[in-house]
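Q: If you scroll down you'll find the structure; I have some questions about it.
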Amino acid sequence: MILGGSAEARELAGRLAPRFEVTTSLAGRVNNPAVPAGALRIGGFGGEVGLRKWLVDNSIDAVLDATHPFAATITENAVAACDRLGIPHLVLRRPPWPAGDATVVSSAAEAKDAVTAQGFSRVFLTSGRSSIGAFLFSDAWFLIRVVEPMSADELPERHHLLLSRGPYTVAAETELMRQYEIEVLVTKNSGGSMTSAKLEAAAALNIPVVMIDRPALPENVSTVATVDEAQQWVIERDTAGV
């Protein structure tokens with residue numbers, strides 16, 4: 001099983017599906033998601049106990065966690081479930097972006113404090129819908145980019161909501177920040193190339209960045225950084241009959 005939701009998960013499913021029985025699980029937070037190769041499961045498991053039951057009921061031989069780097073809960077549940085069942089488990093995590101001159105914080109609340117402390121009034125908020133609540137009562141104006149629509153009570157009073165999905169180009173991101181007179185960029189350290197253009201654009205325009213750091217992975221978990229490595233891990237275990 002692949003715990004999906006990332007571009008890497010879709011690529012991995014496409015590579016493995018011709019040779020293995022692959023099921024990709026998506027959380028179901030996005031309507032009309034990009035559909036990976038193989039079987040698809042959508043929705044939560046009901047915690048670690050529910051995930052463990054699903055793995056047993058579906059005779060899963062191995063679990064590859066290729067979720068978003070900030071999907072900490074499902075990662076923790078998968079580690080616990082696989083450890084209890086003795087199922088081989090691997091985490092595929094793309095490398096983080098170099099922080100450079102960014103102000104690095106550990107949460108959306110700290111990001112809001114950093115924006116407020118530096119007196120920024122026009123903020124490009126690209127840190128995902130789960131972080132927007134921290135900015136609800138700010139006096140700043142926000143350009144908020146998300147994939148799915150949001151209701152008015154989920155958003156700060158002064159904002160423009162931009163519904164969009166990457167990848168993005170440096171030229172387009174530069175023009176967007178100029179058009180909306182952005183003073184600071186707020187982002188999660190998601191890593192990867194799909195949305196990294198905003199960092200290059202911010203650097204070119206001398207726009208400061210507030211970057212929310214990734215949650216730590218559970219201890220003693222096996223990780224790889226590329227789809228190639230994850231694919232090789234599966235093939236080696238299959239060849240060895242593990």
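Q: What number, rounded to the nearest 500 deg cm²/dmol, is the helix-based mean residue ellipticity at 222 nm of the chain, given -39500 (n - 2.57) per DSSP H run of at least four residues and division by all its residues? It would help to have the intermediate numbers written out before the result.
A: Details: 7 runs with 77 residues, N = 242.
So the calculated ellipticity at 222 nm is -9500 deg cm²/dmol.
Q: I would also like to ask the following. Could you sort SER164, SER106 by their accessible area in this structure, using a 1.4 Å probe and putting the largest first?
A: Details: SER164 35, SER106 80 Å².
Largest to smallest exposure gives the sequence SER106, SER164.
Q: Once a ≥ b ≥ c are taken as the square roots of the eigenvalues of the Cα gyration tensor of the range 103-212, is the result rounded (a/c under 1.5), prolate (a/b larger than b/c) or oblate (a/b not larger than b/c)?
A: Since a/c stays below 1.5, the shape of the range 103-212 is classed as rounded.
Q: Return a whole-number percent for the relative contact order of the chain, with Cα pairs under 8 Å and 6 or more residues apart as the contact set. Don't jump to the answer; show the numbers that get you there.
A: On the way: 406 pairs, mean separation 50.9, N = 242.
It comes to 21 percent, rounded to a whole number.
Q: Enumerate by residue number the chymotrypsin sites (Phe, Trp or Tyr not before Pro) in the range 110-162 meeting two conditions: DSSP loop (anything except H, G, I, E, B), and at most 15 other Cβ atoms within 10 Å of the site's Cβ. Intermediate results must be reported in sequence, preceding the final value.
A: Numbers: sites: PHE120, PHE124, PHE135, PHE137, TRP141, PHE142; in loops: PHE120, PHE137.
Those that pass, being in a loop and sparsely packed, are PHE137.
Q: For GLU181 and ARG129, calculate 0.36 nm times their separation in residues minus their Cα-Cα distance, and state this gained length in nm to one decimal. Write down the numbers at each step before the final one.
A: Details: separation 52, 0.36 × 52 = 18.72 nm, distance 2.19 nm.
Roughly 16.5 nm would be gained on extension.
Q: List residues of the range 199-237, by number, whose backbone nitrogen lies under 14 Å from a label position 7 Å along Cα→C-beta of VAL104.
A: It comes to 210-217, nothing else.
Q: Accessible area of the chain with a 1.4 Å probe: how many percent of it is carbon plus sulfur? Could the numbers behind the result be given before it?
A: On the way: 6050 of 12220 Å².
Carbon-and-sulfur percentage of accessible area, whole number: 49.
Q: Oh, and also: Nearest 10 degrees is fine. How inclined is helix 170-179 to the longest principal axis of the chain, computing both from alpha carbons?
A: On a 0 to 90 degree scale, this one is about 40.
Q: Let me ask you something else. In nm, to one decimal, how far is the modelled label at ALA204 from the one at ARG41, with both set 7 Å along Cα→Cβ?
A: About 4.4 nm separates the two model spin labels.
Q: For the range 33-59, list residues with backbone N below 20 Å from a point placed 7 Å from the Cα of GLU148 toward its Cβ?
A: Only 33-36, 40-47 pass the distance filter.
Q: For the range 127-229, which trypsin sites (Lys or Arg not before Pro) are in a loop by DSSP, counting at most 14 other Cβ atoms within 10 Å?
A: Hits after loop and neighbour filter: ARG158, ARG165.
Q: How about the range 1-109: which chymotrypsin sites (Phe, Trp or Tyr not before Pro) there lie in a loop by DSSP and see at most 16 other Cβ atoms within 10 Å? The partial results should precede the final answer.
A: Numbers: sites: PHE20, PHE45, TRP54, PHE70; in loops: PHE20, PHE45, PHE70.
Those satisfying the criteria are PHE20.
Q: Still on this structure, I have one more. Between the helical axis of 7-16 and the dominant principal axis of the chain, each derived from Cα atoms, what acute angle in degrees is found, rounded to the nearest 10?
A: 20 degrees
Q: Next question. Would you look at the GNM of the chain, springs on alpha carbons closer than 10 Å, and say which of ASP101, ASP139, ASP57 moves the most?
A: Evaluated over the chain, the most mobile residue of the options is ASP57.
The values are calculated or read from the model by the stated rules, or taken from the named source; none is laboratory data. Treat the numbers as computed from the prediction; the structure is a model and nothing was measured. Don't worry about glycine lacking a Cβ; one is built from the backbone with ideal geometry, like all the others, and counts go over all protein chains shown. Note: areas computed on protein heavy atoms with side chains; ligands, DNA, RNA excluded. Shrake-Rupley method; radii C 1.70, N 1.55, O 1.52, S 1.80 Å.
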